[in-house]
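Have a look at the structure below before the remarks.
Where a number appears in this text, it was derived from the coordinates with a stated rule and is not lab data. Values in this document were obtained by computation on a predicted structure and should not be read as measured data. For neighbour counting, all protein chains shown are included, and Cβ atoms are generated from backbone atoms with ideal geometry for every residue, glycine included.
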Amino acid sequence: MASVDASGTKPLTSSAYFILVALADRPRHGLGIADEIERRTGGETSLGPGTLYHALKKVLASGHIEESDERPDADDDPRRRYYRITPAGREAVRRETARLHRVLTVARGKGLLPDRGRS
Amino acid sequence: MRRRILAALLFLYPRADRERFGGEILDLMWDRLQRARRRGLLAEMRFWLSLLWDTSRSAVSFRLSDRVTPSALDGVLVDLRYAWRSLVRRRGFTATAILCMTLGLGATTAVFSAFYGVMVRPLPFSDPDRLAVLFETAPGFTRASPSFRDYAFWKGRAHTFSGMEGYAGVRGPLTHAGSADFVEGGAVTPGLFPLLGVEPVLGRGFTREDGRATSPATLILSGALWRRSFGSDPDVLGRTVSFKGEPRTIVGVMEGQFAFPQNAELWIPKSAERDSGLLSAAVARLAPGATWSDARTEMDGIARQLEALDPESQAERRVEVRPLEEDLLWGFRGPVAVFFLSVGLILVLATANVAQLMLAQGSARTREMILRGALGAGRARTARLLLLESLLVSITAGALGLALGVGARDLFLRWLPERLPYYLSFDLDARALLVLLGITVLVGLLFGLAPALAVARPDLFTGLRNAGDPVGGHRGAQRFRAVLVAAQVALALTVLNGAGAMFKSLLDLNEVDPGVSMDRVLSFQVSLPQDHDTGGADAVRFFDDLREEIQKLPAVESAASVSNLPIAGSAAGTFLSVEGVEPPARGHEPWVINKVVQPGFFHTMGIGILAGRAFSRADHAGTPHVVVVNEAFARHYWPDGNALGKRIKYGRPDSGWPWMEIVGVSGDVRQFGLDRPVEMGIYEVLAQQPMDRSWVVVHSRVEPTVLIRQVREIVTRLNPDAPMYDVKTMREWLYRTQWRPVVYARVFNVFSGIALLLGAVGIYGVVAFTAARRTREFAVRTAVGARRREVVGLAMRWVLRPVGLGLMGGVALSVLLTRLARTMTVGVGTVDLGVLSVTTVILVGVALVATYLPAYRATHVDPVTLLRSE
């Protein structure tokens, strides 16, 4: 997924994409992000701690996410750091999702998508 | 505890990242760990493994991403991938290069394993380079057995040695729990094992007590015998066994493969009170601070003291002090050195080959290199790329060569007549492998250097111009190519001549008449339990019965006994006096082999009777003592006269031995092998000189090994307590004495094959390269009417001079190296005109074919299509 699209912006790795998607609805802490990714992909994608945090560091550096003061989870460890998506990040994840959608449309047209029946 | 391990893993990350994210990473790790633990032990194990992997990988990512600019390491990684891809793209070149280097490195690995084992690895004793072997020398004897008294004398007076012990070989039947083995062993003085620094794995070594006649007789087993015949039984200590008829108690088992001195499987104590017979030699350790020359000087003085005390038996006897290493390894060092030199030639040849190939490739890639340079890759970077390619080739070839070399080494070991002695091993340990790796890398750098340098030179612009140059590159490269061809031819010729020399020496050896029948003769030893009562009549009767029974077998032509087997290399000898001939001075008596045989021996072994008669039944204990002498003896004493009727006796003329009449002269037999001179010898008949141990030779009508079982049955039937051992055919014995030239010839045949292949590939490659660059020229010439033959000749011509020079250089090198090799070992012949002509013809033939083929191909491109495509 590390492609450069027509606008010439920097590529989005799959780990970065997953992180942005995980933060799209609300801020989370690192453990929360990992859980969200695992849950949403039905256990298919599971990022190891090191991989996750390396990607996290890069996404932070690119400005797509930032540390947050909000603490949506109750009874939580105050030391835990929360992250939230930035407008730039939202923009980036939207763009990448659109690109993926275009790719999937072509694939579906060629009968490559698996049969519906599983959610 | 687990949490602490997780925390420790964090230290793989760079400090900044650790401080920033460490806590969170730890929390995540902990959460995942708990989850895995809940699912079970297997899940937890899988978690740890995947965590290890994830942490390592991300640690690398963290560290790499820290760099703002690409580091040197990144550059190398990128180049490595590029080098790999570029090699895979040029499959032909890569395959050829790897093949050449694999052959070269494979041969190097095989020879190096021998070299390492013989020259580098220390012997399995403490401080082995301070150990010495001491034995006696006398006029006419390079090595004599010291008596126990001599040994005690030396031990008492020597100060340059901190310890001295003695040993002798023993052989005999070992019976235990109903089964019997015929074993070799050693009789050793009690302090020998501690002196060598070896310890028993079970029980104890010998003590001074064991040497006392009043103590019970003891015995120590070797590890090998314990494993083989006693089933590694830990309760073997204290058990009683019988060795050579004497009951002994087992008190110890020695470690591992230890078998001092040579193939000993057990040891018994030797002392002044118990077994004070002759020693094979003494072993001593140099005292701290003493040098070899100190020791030699002192022992020389001690020998003279002994001579002064006992001039009769010690006349002109001296003591030789030889380093133990030298004594144990002497037979191996020479051949290994010769092989090492030769394989060095092959390695250089292979390296030159690949350098040649790389140069050709380098020239062909000039455009690619120029473009890279134009795009900004520095010269150093391009040179590094080329070196990386070479290293990839050499390391791949090194790995393949390792497998090949180890296989070749094992094959070589099977060619040897016996297994390697216990103190020698050709295994490659970590250090040896490291050296081989070093050689591989060095070789890779060497052949990578040529093209890398060519690139690093600042004539890329001329390169652009010369890329289409009909001569194929500037003069320097052309000259270098010619030099490489000459070098390859010279090296290949040298290896071939080496093989020729070995082969010739083998041929010469085959021409030597051993003096006995070699075909279909079986031999073995039989040893009777000692009989003292009937004066040996029982022994004589046993051997007579044995011969009769064996001769009854339908496949047997004839059989007879002999006290020492011809060719096998060991013999008993003695001094004789000849009637009417002035006896020589003391200490200068000639040594004559004496053998005791049964009538029919000469016939069985195919030894001719040149004068007089052989033995018969008429010669027995009641008739006068008679002897048969060999031709060498007869010629020595009666060069133009008749030996028949003359008389000889043992010892000096005034000794108590009876005079014996010479009744026959037999043909010469080579006792010690085909390459050793014939010794003087006499024969007596068994009936007049009974022996309770003897060899028996059987001339068979069929393949002799077929008879072994039947003969064994006969022996057991006649005397169940008489072991039969050392069963071999005469051919096997012959191989034992002449295996050296045979094995050398084989090894050098392999080397020659490799050298020829490498030389052919090298010449083919370079001619193909130069000819390919001139296809335009050839096409033009053909188009304007030149005959094909002329054009092919043109393509081949430039090779002639380097090949010629290479041949001359090769001849000189061959003569030099064979002379050197002859100083190192026996079995190397000379490089004479015969050898030279054969090898030169072979090499020139191969070179011609290797030159013609590519030239032909290059000149037979259709000129029209070629010119049109330009």
On a full-extension model of 0.36 nm per residue, what is the gain between residue B:313 and residue B:380, subtracting their alpha-carbon distance, rounded to one decimal in nm? 16.3 nm
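Within 10 Å, at most 10 other Cβ atoms, and a DSSP state outside H, G, I, E, B define an exposed site. Report the longest part of chain B free of exposed trypsin sites (Lys or Arg not before Pro).
B:420-786
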Normalised contact order of region B:668-753, rounded percent, pairs of Cα under 8 Å and 6 or more residues apart: 29 percent
Taking a cut-off of 26 Å between Cα atoms, list the lysines near residue B:155, but don't count ones fewer than 8 places away on the same chain. B:270
Rounded to the nearest 20 debye, what is the charge dipole size of region B:261-345 about its Cα centre when +1 sits on each Lys and Arg Cβ and -1 on each Asp and Glu Cβ? 240 debye
Counting only helical runs of four or more DSSP H residues, what would the 222 nm mean residue ellipticity of chain B come to if each run contributes -39,500 (n - 2.57) and the total is spread over all its residues? -18000 deg cm²/dmol
Which of B:177, B:201, B:214 sits farthest toward the positive end of the charge dipole of region B:147-266, with +1 on the Cβ of Lys and Arg and -1 on the Cβ of Asp and Glu? B:214
Between residue A:61 and residue B:19, take the C-beta separation as r, use R0 = 22 Å, and let me know the FRET efficiency to the nearest 0.05. 0.85
Can you pick out the pairs among B:649/B:728; B:244/B:728; B:244/B:595; B:552/B:595; A:57/A:110; B:552/B:728 whose Cα atoms lie more than 27 Å from each other? B:649/B:728; A:57/A:110
Residue B:217's amide H: which non-local residues (gap 5+, or another chain) put their own amide H closer than 5 Å, with H modeled 1.01 Å from N in plane and none for Pro or chain starts? B:249
If every Lys and Arg gets +1 and every Asp and Glu gets -1 at its Cβ, then about the Cα centre the protein assembly as shown yields a dipole, in debye to the nearest 20, of 6340 debye
With point charges of +1 on the Cβ of Lys and Arg and -1 on the Cβ of Asp and Glu, referenced to the Cα centre of chain B, which listed residue (B:346, B:56, B:288) lies farthest in the positive direction of the dipole? B:56
Name the residue from B:730, B:261, B:763 whose Cα lies farthest towards the positive end of the charge dipole of chain B, charges +1 on Cβ of Lys and Arg and -1 on Cβ of Asp and Glu. B:763
From the backbone phi of region A:36-44, what are the Karplus-calculated ³J(HN,Hα) couplings (6.51 cos²θ - 1.76 cosθ + 1.60, θ = phi - 60°) in whole Hz, Gly and Pro given as x? 4, 4, 5, 5, 5, 9, x, x, 5
Length gained when the stretch residue B:410-residue B:710 is fully extended (0.36 nm per residue, less Cα-Cα span): 104.5 nm
Region B:806-845 versus region B:500-529: alpha-carbon centroid distance in Å: 27 Å
What aspartates and glutamates does residue B:504 reach when the alpha-carbon gap must be under 16 Å and sequence neighbours fewer than 8 apart in one chain are set aside? B:675, B:832
If you find the alpha carbon centre of region B:621-694 and of region B:286-327, how far apart are they in angstrom? 35 Å
Relative contact order (%) - criterion: Cα under 8 Å, at least six apart; region: chain B: 15 percent
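Under the 0.36 nm per residue contour assumption, what length would be gained going from the current alpha-carbon distance of residue B:446 and residue B:620 to full extension? Can you show the working numbers first?
Numbers: separation 174, 0.36 × 174 = 62.64 nm, distance 7.71 nm.
This chain segment gains 54.9 nm when fully extended.
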Kindly state, to the nearest 0.05, the FRET efficiency for residue B:348 paired with residue B:257, given R0 = 41 Å and r defined as their beta-carbon distance. 0.65
Spelling out what I want: for every residue of region B:727-733, take phi, set θ = phi - 60°, compute 6.51 cos²θ - 1.76 cosθ + 1.60 (Karplus), and round to whole Hz; glycine and proline get x. 7, 8, 8, 5, 4, 5, 5
For Cα pairs less than 8 Å apart in space and 6+ apart in sequence, what is the mean separation divided by the residue count of region B:504-626, i.e. the relative contact order in percent? 24 percent
How large is the dipole of region B:58-166 about the Cα centre if only Lys and Arg carry +1 and Asp and Glu carry -1, each at its Cβ, rounded to the nearest 20 debye? 500 debye
Whether region B:548-587 is rounded, prolate or oblate, judged on the alpha carbon gyration tensor where a/c under 1.5 counts as rounded: prolate
